Number of protein chains: 2
Amino acid sequence: MPLVRVHNSSISLDGFGTGEDQTFEAPFGTAGQRLTKWFVATSAFRAMFGSAGGSLGVDNAFAARWNEGVGAEIMGRAKFGPQTGAWKDDDDWKGWWGAEPPFHTPCFVLSHHPHPPITMEGGTSFQFLDATPEEALRVAQEAAGDLDVRIGGGPTTVREFLAADLIDEMHLAVVPIVLGRGVRLWDGLEGVEERFDVETVASPSGVVHLTFRRRPRTEAAHGA
Amino acid sequence: MPLVRVHNSSISLDGFGTGEDQTFEAPFGTAGQRLTKWFVATSAFRAMFGSAGGSLGVDNAFAARWNEGVGAEIMGRAKFGPQTGAWKDDDDWKGWWGAEPPFHTPCFVLSHHPHPPITMEGGTSFQFLDATPEEALRVAQEAAGDLDVRIGGGPTTVREFLAADLIDEMHLAVVPIVLGRGVRLWDGLEGVEERFDVETVASPSGVVHLTFRRRPRTEAAHGA
């Protein structure tokens, strides 16, 4: 049975998954590079863009799992770009990832406003959906076939899929920084950990990796 | 040079150091026992109240350091009791800790309202101060002599001492739960980690221990 997975979602000690004031130059807004520094340093990240080198420790071991067996991604609009409101007809933005994005699968971008699909090199496409999490997941699962679906973020999207109880596996990286402002991952999710088995691993980088595995649904019903 | 230390301050993944709606029956309010479960299970906690047994792993190694070399504690009013406003003349509350509290030192309780001092068995006293963090620290350091001062919490008090840059060493335990509501430790402290060297250790219990050591002040001035 294919899974719904989250990988490499970074949050600060105060629970922010990104900053505020996102722009084309600052995809994470006021958070800058602070949340993603550990990830950018990994071999897995460099390999996404054809570069050699990078760290090989526990940060990389978690980072590298992001695209294994994944057949489609769902992302929030703000992960794709900083635009808000209706898309402009002459907007030729194709995301932050260059001509050949590292996804290599269909990617479904949640947006209330219609946008024509975009086909990129290397098997990545961006298709825009005005849909609930459940509806978007059905579309993405159809595209993924026997493979898993990744919920690619940002934090608002992960939060919505957690709230709808659609996540089977989630990897978070808690970065030991205090962002002070931005988008909170956990709002409205009191007690969400009760649905999951949680493991924690600290990296020498200072980042803490948490994995959440959804408990079998019958067992969870008894457990509450 | 005596230090100012924080120990065993537990926070949730969403950054709450306690719940809301504190009562005499629920010192952590809506958080219940969720934040302190790891601590209560340790040998060090049991020893505070004369009990044997308890865990001996990494949780205990951190927990046990709380009172070594400490000569005085400063605590917020809500750590002492759930009362608000002026103290009642007939209030005979002496804290949650029984006739012989585990502190065995003077404890300074921050309160805007006057309250007579309380002397307990075993060397603990509670003295009430209407003071800024700097003023309270001066009083506590005088009482502690050559020993360190502990900032005993709750989260509002720790936050105020962090904001005033009065903390030398801080041990936090991040508990992998989502509380959803309560008192946030980090509000107003964006970038506070830049003043500290931070280390992280994950425990098999799932709790993550973070230690913050204040960088030498001249070095920090150059580093920013």
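Per residue, how much accessible area does segment B:67-140 have with a 1.4 Å probe, in Å²?
Values: 3600 Å² over 74 residues.
Value returned for segment B:67-140: 49 Å² of accessible area per residue.
Probe radius 1.4 Å, ligands and nucleic acids left out: can you give me the accessible area buried at the B-A interface, summed over both chains, in Å² to the nearest hundred?
Rounded to the nearest hundred, the buried surface is 2100 Å².
Under the Karplus relation 6.51 cos²θ - 1.76 cosθ + 1.60, θ = phi - 60°, what is the ordered set of whole-Hz ³J(HN,Hα) values for segment B:38-54, x standing for Gly and Pro?
Rounded to whole hertz, the list is 4, 6, 4, 7, 7, 4, 4, 5, 4, 4, 4, 10, x, 9, 8, x, x.
Put a label point 7 Å from Cα along the Cβ direction on B:VAL201, then list its distances to the equivalent points in the other copies in nm, shortest first.
The answer, with the shortest distance listed first, is 1.9 nm.
Provide B:SER10, B:SER51 ordered by accessible surface of protein heavy atoms (probe 1.4 Å), highest first. Don't skip to the end; give the middle numbers.
Working: B:SER10 15, B:SER51 65 Å².
Sorted descending by solvent-accessible area, the residues read B:SER51, B:SER10.
I'd like the carbon and sulfur percentage of the solvent accessible area for the protein assembly as shown, probe radius 1.4 Å, heavy atoms only, ligands and nucleic acids excluded.
53
Setting aside same-chain residues fewer than 8 positions from B:LYS79, which lysines have a Cα under 26 Å from its Cα?
B:LYS37, B:LYS88, B:LYS94
Give me the residues in segment A:161-207 whose solvent-accessible area, probe 1.4 Å, is reduced by at least 40 Å² once all protein chains are included instead of the chain isolated.
A:PRO176, A:VAL178, A:ARG184, A:TRP186, A:GLU190, A:GLU193, A:THR200, A:ALA202
Which sequence of A:ASP130, A:ASP148, B:ASP91 reflects their accessible areas, 1.4 Å probe, from the largest down? List each step's numbers first, then the result.
Values: A:ASP130 105, A:ASP148 25, B:ASP91 45 Å².
The residues order as A:ASP130, B:ASP91, A:ASP148, largest area first.
Find the centroid of the Cα atoms in segment B:113-177 and in segment B:43-73, then give the distance between the two in whole Å.
The distance from the Cα centre of segment B:113-177 to that of segment B:43-73 comes to 18 Å.
As a check on your grasp of the helix formula, calculate [θ] at 222 nm for chain A: sum -39500 (n - 2.57) over DSSP H runs of n ≥ 4, divide by the residue count, round to the nearest 500. Before the final figure, lay out the partial values.
On the way: 7 runs with 48 residues, N = 224.
The per-residue figure over chain A is -5500 deg cm²/dmol.
How large is ³J(HN,Hα) for each residue in segment B:62-73, as worked out from phi by the Karplus curve 6.51 cos²θ - 1.76 cosθ + 1.60 (θ = phi - 60°), to whole Hz, x for Gly and Pro?
6, 4, 5, 7, 4, 10, 5, x, 9, x, 6, 10
List the GluC sites (Glu not before Pro) in segment B:42-126 that DSSP assigns to loop (not H, G, I, E or B) and whose Cβ has at most 16 other Cβ atoms within 10 Å. Which are they? Present the calculation step by step, with values, prior to reporting the outcome.
On the way: sites: B:GLU68, B:GLU73, B:GLU121; in loops: B:GLU68.
Counting only loop positions with at most 16 other Cβ atoms within 10 Å, the GluC sites (Glu not before Pro) in segment B:42-126 are B:GLU68.
Among A:VAL40, A:PRO117, B:TRP87, which residue has its Cα positioned farthest towards the positive end of the charge dipole of the protein assembly as shown, with +1 placed on the Cβ of Lys and Arg, -1 on the Cβ of Asp and Glu, and the dipole taken about the Cα centre?
About the Cα centre, the residue reaching furthest to the positive side is A:VAL40.
Using modelled backbone amide H atoms (1.01 Å from N, in-plane), which distant-in-sequence or interchain residues come within less than 5 Å of A:GLU190's amide H?
Residues meeting the criterion, in which the H sits 1.01 Å from N, do not exist here.
Take every Cα pair under 8 Å in chain A that's 6+ residues apart, average their separations, divide by the length, and report that relative contact order as a whole percent.
Numbers: 452 pairs, mean separation 64.3, N = 224.
Normalised by residue count, the contact order of chain A is 29 percent.
According to the square roots a ≥ b ≥ c of the eigenvalues of the Cα gyration tensor, what is the shape class of chain A, taking rounded for a/c under 1.5, prolate for a/b larger than b/c otherwise, and oblate for the remainder? Walk me through the intermediate numbers first.
On the way: a/c = 1.35, a/b = 1.13, b/c = 1.19.
In terms of gyration-tensor shape, rounded.
Which distances in nm, rounded to one decimal and ordered from shortest, link the label point of B:GLU20 to the equivalent label points in the other identical copies, with labels set 7 Å from Cα toward Cβ?
Those label-point separations list as 2.0 nm.
The values are calculated or read from the model by the stated rules, or taken from the named source; none is laboratory data. This structure is a prediction, so every number in the text was calculated from the model and none was measured. With ideal geometry, Cβ positions are generated from the backbone for all residues, glycine too; neighbour counts draw on all protein chains shown. When the accessible area is computed, the model is the full protein with side chains, heavy atoms only, and any ligands, DNA or RNA have been set aside. Shrake-Rupley method; radii C 1.70, N 1.55, O 1.52, S 1.80 Å.
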